[in-house]
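K.L.:
Pasting a structure here, questions to come.
Derivation of every value follows stated rules applied to the coordinates shown; laboratory data play no part. Being a predicted model, the structure only gives us computed values, none of them experimental. Cβ sites come from the backbone with ideal geometry, for glycine too, and all protein chains shown count toward neighbours.
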Amino acid sequence: MKQIIFILAVFFTSISIQAQYGGVDRSIGGPGQFQQSKNKEKKSEFDFVQASTDKMAKELSLDDFQKAAAKNIIEDYKNQVISISAEEIPDTGKNEKINVVKDKMEAKIKQLLNKDQLVKFEAMKNKSEKKGKGKKNDNDAEKTQD
């Protein structure tokens with residue numbers, strides 16, 4: 001009788017242990033511990049600089065020199081925005097600084113463009129601003145309804 005009780009106890013204990021782990025290796029510092037996060041980073045990784053440069057090159061028909069220069073300007077802009085975002089100042093101050101940096105970036109890009117490209121750039125910029133204002137107005141309308 002004691003042997004049957006012992007065997008049943010071992011059996012039920014092993015089932016509960018297996019259910020807790022679910023067959024997954026949960027050891028700390030195991031070889032697969034950080035693999036998932038690396039894969040997620042690769043999937044969700046978005047290169048703002050490259051995407052912006054590619055869009056400009058396509059829509060404005062930039063040559064290789066213009067594309068390389070624009071990429072450097074946009075990279076510099078991104079780094080400045082990251083730096084400003086890290087500052088411990090109110091959001092309004094951050095937004096003002098970011099707008100100043102954005103204006104400087106646009107001025108540098110405009111210097112690279114010929115007349116036709118400049119017209120396209122202004123149209124592209126206006127289209128982007130209208131989208132941004134439309135989203136902002138939609139958010140404002142939602143706040144007033146609440």
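K.L.:
Neighbour counts of other C-beta atoms within 10 Å: give me PHE6, PHE46 arranged from fewest to most.
P.N.:
Numbers: PHE6 10, PHE46 6.
So the residues, fewest neighbours to most, are PHE46, PHE6.
K.L.:
Same structure, new question: If contacts are Cα pairs under 8 angstrom and at least 6 residues apart, what is the relative contact order of the stretch 48-139 in percent? Show your work: numbers first, answer last.
P.N.:
On the way: 39 pairs, mean separation 27.7, N = 92.
After rounding, I find 30 percent.
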